[in-house]
1. Are any of the residues in segment 68-86 touching a Leu at 6+ places or on another chain (Cβ under 6 Å), surrounded by 11 or more Cβ atoms within 10 Å (Cβ to Cβ) and either on the phi < 0 side of the Ramachandran plot or modelled with pLDDT of 90 or more (or both)?
2. Does segment 50-57 include one or more residues that are among the small types (Gly, Ala, Ser) and over 22 Å from residue 106 (Cα atoms)?
3. Taking interchain pairs and intrachain pairs at least six residues apart, which have beta carbon atoms under 7 angstrom, with the first residue in segment 60-88 and in contact (Cβ under 8 Å) with a residue 24 or more places away in the chain and basic (Lys, Arg) and the second surrounded by 12 or more Cβ atoms within 10 Å (Cβ to Cβ) and in a strand (DSSP E or B)?
4. Applying the selection to segment 16-44, what residues are more than 16 Å from residue 81 (Cβ to Cβ) and surrounded by 10 or more Cβ atoms within 10 Å (Cβ to Cβ)?
5. Specify the residue that is nearest to the chain's Cα centre (by Cα); the eligible residues are those in segment 6-60 that are of a type in the set (Asp, Glu) and modelled with pLDDT of 90 or more.
Amino acid sequence: MSDSVVLLRARPVITVDVSIFLPASINITAPQCHDGLQPVNCLNVTACFSFHGKHVPGELGLNYVLTADVDKKAKGQLPRVYFVLLGESVGQITEKLQLVHMEETCHHYVAHVKLCGLLRGEP
């Protein structure tokens, strides 16, 4: 046996839980929102976050990006869904938030739906 001790320091492992809630369907026959120019279809999006782990800090800063219609973008197609941020249509929202250990924090968004593709029967 040796008379020496090795002290290994490591940061705690933090698990972040994310839940995104979307409606099961979108009614495209009755627009529920207005984009400043005309009535548009929209849907509510809720993103919820929490974190846990052993020996973790009481608070944690988290940066995240919420992107609309990821599959369409990946295929090089025009997205059907967008957010309105400060009066402009955007495909993604970048946010920063503070999480408290073992407490869920939710942010709510409204996503607008372009009708043109839906009326042509695009998926």
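The values are calculated or read from the model by the stated rules, or taken from the named source; none is laboratory data. Keep in mind it's a predicted model, so treat the numbers as computed, not measured. Positions of Cβ are backbone-derived with ideal geometry, glycine not excepted, and every protein chain shown enters the neighbour counts.
1. No, because not a single residue in segment 68-86 is touching a Leu at 6+ places or on another chain (Cβ under 6 Å), surrounded by 11 or more Cβ atoms within 10 Å (Cβ to Cβ) and either on the phi < 0 side of the Ramachandran plot or modelled with pLDDT of 90 or more (or both).
2. no
3. 80/113
4. Residues satisfying the conditions are 16, 17, 18, 19, 34, 39.
5. Only one residue tops the list, namely 17.
One line per residue, one yes/no per condition, for (1) closer than 19 Å to residue 42 by Cβ; (2) of a type in the set (A, V, I, L, M, F, W, C):
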position: 66; (1), (2): yes, yes
position: 69; (1), (2): yes, no
position: 78; (1), (2): yes, yes
position: 92; (1), (2): yes, no
position: 102; (1), (2): no, yes
